[in-house]
Amino acid sequence: WRRNITPGVTWRPDNRTIFAIECYNPILEDVYTTKIGKGQSEVRIGFERWCTDKIAVRAGLLSKYYHTIGFGVKEVELKKLFPEVAFDLDYALLEGHGMGTHFLSCTAKF
């Protein structure tokens, strides 16, 4: 059995900016450990800023070992190919230990 409680706090200083912090699997004993292991606490910190009504930039830290950077584009329209569909595009890079993983997603709204 594993508890699924994630304490977190968000702060929205204005309508375009969000800061968030959460602690996944909070275990106070391992806050200062340098070992990577199963069941270790993870502090996650994130930031999102909408530069325009349609473009956002994002950055974050996952635990002590990984960081992310990315962007999103909202309601991209390709009228010639899909006249009644709007697309949201999101890209993120998760990097840690000298290796990276790219995430790309597309959501269609019709």
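Quick look at the numbers
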read-out	value
Of all accessible heavy-atom area on the range 50-103, the percent that carbon and sulfur account for (1.4 Å)	68
Sequence-distant residues sharing a close amide H with S63 (under 5 Å, placed H)	V43, R44, I45
Sequence of E84, E22 when ordered by accessible area, the most exposed leading, probe 1.4 angstrom	E84, E22
Average accessible area per residue (Å²) across the range 36-104 - probe 1.4 Å, nucleic acids and ligands excluded	69
Fully extended contour minus Cα-Cα distance, from T10 to L94, at 0.36 nm per residue	28.1 nm
Kirkwood hydrodynamic radius over Cα pairs of the range 40-108, then Stokes diffusion coefficient at 10 °C and 1.306 mPa s, in µm²/s	117
Residue list for the range 68-103, given a label point 7 angstrom along the Cα-to-Cβ vector of R49 and an amide N cut-off under 13 Å	70
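The values are calculated or read from the model by the stated rules, or taken from the named source; none is laboratory data. This one's a predicted model, so the numbers in the text were calculated from it and none came from an experiment. For neighbour counting, all protein chains shown are included, and Cβ atoms are generated from backbone atoms with ideal geometry for every residue, glycine included. The area values use the complete protein model at the heavy-atom level, side chains included, leaving out ligands, DNA and RNA. Shrake-Rupley method; radii C 1.70, N 1.55, O 1.52, S 1.80 Å.
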